[in-house]
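Contents: one structure, followed by commentary.
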Amino acid sequence: MAKINCKTKDKEKTIEKTIEKTTEPRSDLPVSAKLLAEVARTLENASAWSLFSHMKLDGDALGTATALFEAGVLQGKTIRWIGPDPVPPSYRFLPHVEEYVTQKEYRFDEKDRLYVFLDSANEDRGTRGLRDRSPSTFILNIDHHEDNSRFGTLNCVEPKASSTSELLWHVMKAGGWTITPHIAECLYTGIVADTGNFVFSNTTSTTHQVTADLLRRGVDPARIDAFLRQTRSLEGMHLWGVALGRICRWGEKNQFAMSWLTQEDFRLTKANASDTEMLVSQLLLIRDVRFAVLLTEEEREVKASFRSRAESVAASTVARALGGGGHPRASGAQLPPPLDQAIRSVRETVEAAYAEWASSGR
């Protein structure tokens, strides 16, 4: 039997405690500890929550909603979760997605219920009806978009957070909540989605510290990646083929790239709207491209997705000029049909915004 050196064991315990202290994530975000604690208390004091997600659900919207749903269940809350669009297949591994309700319109008139909006920049990004609410209706707004309209009764908005999932982690820590392996998995999914696997410019040292904490709680990155990136449908890949084969470039240095999808493309490939997720980012993989556009034709509108690199005009600048919004490097807008007019409008707007950006000497 091997002898145990007690001094060595004591030294190892001391090292472990030191690592625990030094690796405890601290927030470099401007959002105040007081506000984070107030948000946590507001949630704790309400017996019933209604969670709302924005249209065209993405990883951050789903990560925050499922994490908060799970935390609410642990606290014995009565919870509803609502949004205008269905959950994409690749995210159905997350907890509570079977309890999500697709609803285009909602009546906000229950005084005994806390309405929580997650990752939504404004009232029009989700289920309709919020603008018709009673003045006494309490709205909790948790988000990280820089163009958030602060529509809540209580607004916890921090644009310097990589994602709403990262911000929600800080809320949970401020409230002293238990972050279970399930909650950690949800938050990790949201962070991974909004940072592009930690390569987008919104990734910070705080983001990595928060992620390290989630990994220590049992998150398996390979498992999450298998769900998010290795579950594409054949129909969806055919749709990507159509879009990638249609890419056009323009600009003095071919720095702009655009593609589009028609309703007929979806009919022929038998793909659905969720199959376009991450497609626009593929256009930025082309050498010298600094600004990417994907237009998707729908029955009553044309959805535009924009992505940009740091050395170009911000995607959000173009999106706002077209009535949309979002993050500086990842934004979107809804345009009126027909598609050919939307294509012309976007090209003109991109060129004008880029010329202004270039003339400013940035």
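Can you pull out the residues in segment 145-166 that are in contact (Cβ under 8 Å) with a residue 40 or more places away in the chain and in contact with a helix residue (DSSP H, G or I) (Cβ under 8 Å, 6 or more places away or on another chain)?
Result: E146, D147, L154, C156, E158, A161, S162, S163, T164, S165, E166.
Each row is one residue, and each column tells you yes or no for (1) more than 21 Å from N45 (Cα to Cα); (2) of a type outside the set (D, E); (3) in contact with a His (Cβ under 9 Å, 6 or more places away or on another chain).
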site	(1), (2), (3)
Q103	yes, yes, no
L118	no, yes, yes
E123	yes, no, no
S134	no, yes, no
V171	no, yes, no
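Residue check, K160 against (1) assigned to a strand (DSSP E or B); (2) surrounded by fewer than 17 Cβ atoms within 10 Å (Cβ to Cβ), all met but one. Which one?
All conditions are met except number (1).
Picking from V219, V280, which residue would you name as being within 22 Å of the chain's Cα centre (by Cα), closer than 24 Å to L322 by Cβ and not hydroxyl-bearing (S, T, Y)?
V280
Given (1) surrounded by 23 or more Cβ atoms within 10 Å (Cβ to Cβ); (2) not in a loop (DSSP other than H, G, I, E, B), where does W49 come up short, assuming only one miss?
Condition (1) is where W49 drops out.
Quick check: is even one residue across segment 71-84 at pLDDT below 95 and among the hydrophobic types (A, V, I, L, M, F, W, C)?
No, the conditions are met nowhere in segment 71-84.
Evaluate the following for D112: is it in contact with a strand residue (DSSP E or B) (Cβ under 6 Å, 6 or more places away or on another chain) and assigned to a loop (DSSP other than H, G, I, E, B)?
no
Across segment 190-223, which residue is nearest to P88 (Cα to Cα) among those that are touching a helix residue (DSSP H, G or I) at 6+ places or on another chain (Cβ under 8 Å), of a type in the set (A, V, I, L, M) and surrounded by fewer than 19 Cβ atoms within 10 Å (Cβ to Cβ)?
L215
Looking at segment 70-109 only, could you name the residues that are assigned to a strand (DSSP E or B), aliphatic (A, V, I, L, M) and either out of contact with any helix residue (DSSP H, G or I) (no Cβ under 9 Å at 6 or more places or on another chain) or open to solvent by less than 10 Å² (accessible area, probe 1.4 Å) (or both)?
Hits for segment 70-109 are I82, V101.
So is A257 closer than 22 Å to H144 by Cα, in contact with a helix residue (DSSP H, G or I) (Cβ under 9 Å, 6 or more places away or on another chain) and open to solvent by less than 50 Å² (accessible area, probe 1.4 Å) or not?
no
Go through segment 227-330 and tell me which helices (runs of 4 or more DSSP H), entirely inside it, have 3 or more residues that are more than 30 Å from F93 (Cβ to Cβ).
315-321
Cβ-Cβ distance below 6 Å, separation of 6 or more or different chains: which pairs start in segment 300-320 with a residue that is within 20 Å of V199 (Cβ to Cβ) and end on one that is of a type in the set (G, A, S) and open to solvent by 60 Å² or more (accessible area, probe 1.4 Å)?
Listed pairs, sorted by first residue: A310/S201.
The values are calculated or read from the model by the stated rules, or taken from the named source; none is laboratory data. This is a predicted model, so every value here is computed, not measured. Glycine gets a Cβ as well: all are built from the backbone with ideal geometry, and neighbour counts include every protein chain shown. The accessibility values were calculated without ligands, DNA or RNA, using every heavy atom of the protein model including side chains. Shrake-Rupley method; radii C 1.70, N 1.55, O 1.52, S 1.80 Å.
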